[in-house]
Amino acid sequence: MRSPRPQSSVTDVEPERRSEIDEQGGEAGDPAAGMQSSAAVATTQQAAPDAEPGLAVRLEQLRAFYGDAEQVKGIDLEFRANQVTAIIGPSGCGKSTMIRCINRMHEEIPGAHAEGRVLLDDLDVYAPSVDVVAVRRAIGMVFQKPNPFPTMSIYNNVAAGLRLSSGRRGDLRSKVESALRSAGLWDEVSGRLDEPGAGLSGGQQQRLCIARSLAVDPEVILMDEPCSALDPIATLKIEELIAELKKRVTIVIVTHNMQQAARVADRTAFMLDGRVVEVGPTQEIFTNPGDPRTEEYVTGKFG
Amino acid sequence: MSAPAAEQRFARFAVSPSRRRRDRFARTAILAATLIALIPLVLIVYYLLRKGLSSWSTSFFTTDPTGNTFFKSSSIGGIKSAILGTIEIVALASAIAIPIGVGVAVWLVEYGRESWFAQTVRFFIDVLTGVPSILFGLFIYIVLVVGTGSSYAGYKGSLALALLMLPVVTRASEVILQLVPGALRESALALGAPRWRMILRVVLPTALPGMVTGVLLAVARAAGETAPLLFTAAATLKTNFDLGQFMNSLPVQIYNDVTSPTTAVVNRAWGAALTLVAMILVLNVIARLISRRSRLA
């Protein structure tokens, strides 16, 4: 069993200890290994027994500010483990700000701060004893525009997460390969790992960025409009990838594309003016929304 | 449709004669400005080559000046000590100014950002950039020569040049560091990189080619300065590898030679000037080659 895992993996600054815990967890191979959050487990039957399960994330009265301006105005929301949750809503409603609070990237903006609680499983990532670096290892992020490190090769881009986040290398080569395979990019790049990552096509670059965030073995991946800069075919590939990835991680995806939310998300939350108007199973949000504003938005009457 | 009718229909698309005239005038004016600016440049290079090349020879580069400036031209010697002195003084100045300047730039961009202290530092760096070079020489003269009661030394010249280079290196590096996209910093942080590692592994490698260009231009500028060296490193005849002693340098050698009544010595000044320009040109070409590899827009 690995019941203490979430706490230790996030608060522990020592890389060696974390790897031990990881290995123990992996070796246990116990189907019950995924039982961190009883609320989430009920809905994670699709998780393969051997997969690294994701963790649930819960927001409690989350508020986010830029200086004095309140952009996220008290959100309570749960992202269930090993599910895809889509966040939809008009531009400027606070979707991106909200997900940037989850891995504490919001506070990187000068003058910005967040209030309330973000619980990774049961750990408050804003607790004073928590190492922000460990939080970001556990909660990966994929950005709107593909942004591979321009000075690095394809291989080094994927290895960057491991090299940047700790001195421990482990078996870098096999980790890079497995991350590239998980991102569906291995067959396309295996013969040219030493070429610059910036030389790939936009869609390949975005999958490279997904591989980069997978390499550090996160429990949650946040995606901020990951397909908005991509063509439809590249978008489709990323969407197929998301369906595959949710077996091992919890995914939160911000999207402006309603069809995309309908295609990839198990659950969808509709946001308006810094608040969550409605959240529920995707099908229900799109076909039978409980709030008239949700209906207006999903049917294209505004936003 | 008949031709006159078509002419009438498209009359509003025609360029008016007065606009054509104004356009021609403006183009001529800016071309003339460019040509006028080129005249002194071309003349400088022409005179340098005409007067300087004739004094170049193997012994010109391999012998020290003899100090004999009144007799036969063959005995005045070359400029070996000046070339080596310039290289030594500038190398030490670079070793001081580049790490500090890059450090200040990294602090300003990655940590200080828009804080009042960072803004104050930026303001004073801008002020320093505009300080006449002779003031840096005077400052070192008063503090390290008069102040300590000791004499001139190569390292004191280096310190004066380092002061001169510091604001240039800092500003150039800061501008390049700011060109590194914030998205790269964010992805590195989002991967769980501590800030210092993000700077060392992502920001600095991305900025490196641009920073090398800016830094080499600062080095080139320092190499050509006379005023900060006049009363800090002084001048001497012998080649010297001890930065604690008097040290010769190309700008000071030129300064001393060009006022000589002996033609051969004045010609040596031209030869030394051509040598200095050639050295700076090489640095500039290197800087350009490196900046071509830059991955930043």
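Brief remarks on what is shown
- Residue match in segment B:169-185 (condition: among the basic types (Lys, Arg) and farther than 29 Å from B:PHE231 by Cα): yes
- Single residue of segment B:88-110 satisfying the filter (touching a residue at least 24 places away in the same chain (Cβ under 8 Å) and more than 17 Å from B:LEU216 (Cβ to Cβ)) that is surrounded by the fewest Cβ atoms within 10 Å (Cβ to Cβ): B:GLU110
- Note on segment A:108-143: residues that are out of contact with any Pro (no Cβ under 7 Å at 6 or more places or on another chain), more than 23 Å from B:GLY112 (Cα to Cα) and either within 14 Å of chain B (Cβ to nearest Cβ) or in a loop (DSSP other than H, G, I, E, B) (or both) total 11.
- Conditions (1) in a helix (DSSP H, G or I); (2) within 12 Å of another protein chain (Cβ to nearest Cβ); number of the one not met by B:GLY192: (1)
- Some residue of segment B:173-182 being within 14 Å of chain A (Cβ to nearest Cβ), assigned to a helix (DSSP H, G or I), over 17 Å from B:LEU108 (Cα atoms) and more than 27 Å from the chain's Cα centre (by Cα): no
- Test: residue in segment A:151-165 that is in contact with a Cys (Cβ under 8 Å, 6 or more places away or on another chain), facing another protein chain (nearest Cβ under 9 Å) and surrounded by 20 or more Cβ atoms within 10 Å (Cβ to Cβ): no
- One residue from B:GLY52, B:GLY67 being under 30 Å from B:ASP242 (Cβ atoms) and surrounded by 13 or more Cβ atoms within 10 Å (Cβ to Cβ): B:GLY52
- Condition check for A:GLY94: among the small types (Gly, Ala, Ser), more than 20 Å from the chain's Cα centre (by Cα) and more than 10 Å from chain B (Cβ to nearest Cβ): no
- Inclusion of A:MET105 among residues that are crowded, with 18+ Cβ neighbours inside 10 Å, facing chain B (nearest Cβ under 9 Å) and within 15 Å of the chain's Cα centre (by Cα) is warranted.
- Hey, A:LEU200 in contact (Cβ under 8 Å) with a residue 40 or more places away in the chain, away from chain B (no Cβ under 14 Å), within 26 Å of B:ALA193 (Cβ to Cβ) and over 15 Å from the mean Cα position of the chain (by Cα) or not: yes
- Elements of type helices (runs of 4 or more DSSP H) contained in segment A:149-196, each with 2 or more residues being closer than 24 Å to B:ARG197 by Cα and in contact with a strand residue (DSSP E or B) (Cβ under 9 Å, 6 or more places away or on another chain): A:154-165
- Only listed residue being aliphatic (A, V, I, L, M), within 14 Å of A:THR85 (Cα to Cα), away from chain B (no Cβ under 14 Å) and not in a strand (DSSP E or B), chosen from A:ALA261, A:ALA269: A:ALA261
- Only listed residue being assigned to a helix (DSSP H, G or I) and polar (S, T, N, Q), chosen from B:THR206, B:THR232: B:THR206
- Count of residues meeting criterion [in contact with a Phe, Trp or Tyr (Cβ under 9 Å, 6 or more places away or on another chain) and either buried (at least 24 other Cβ atoms within 10 Å of the Cβ) or in contact (Cβ under 8 Å) with a residue 40 or more places away in the chain (or both)] in segment B:185-199: 4
Every read-out reported here was derived from the displayed coordinates using simple, explicitly stated rules and does not represent laboratory data. None of these values were measured; they are calculated from a predicted model. We place every Cβ from the backbone using ideal geometry, glycine too, and count neighbours over all the protein chains shown.
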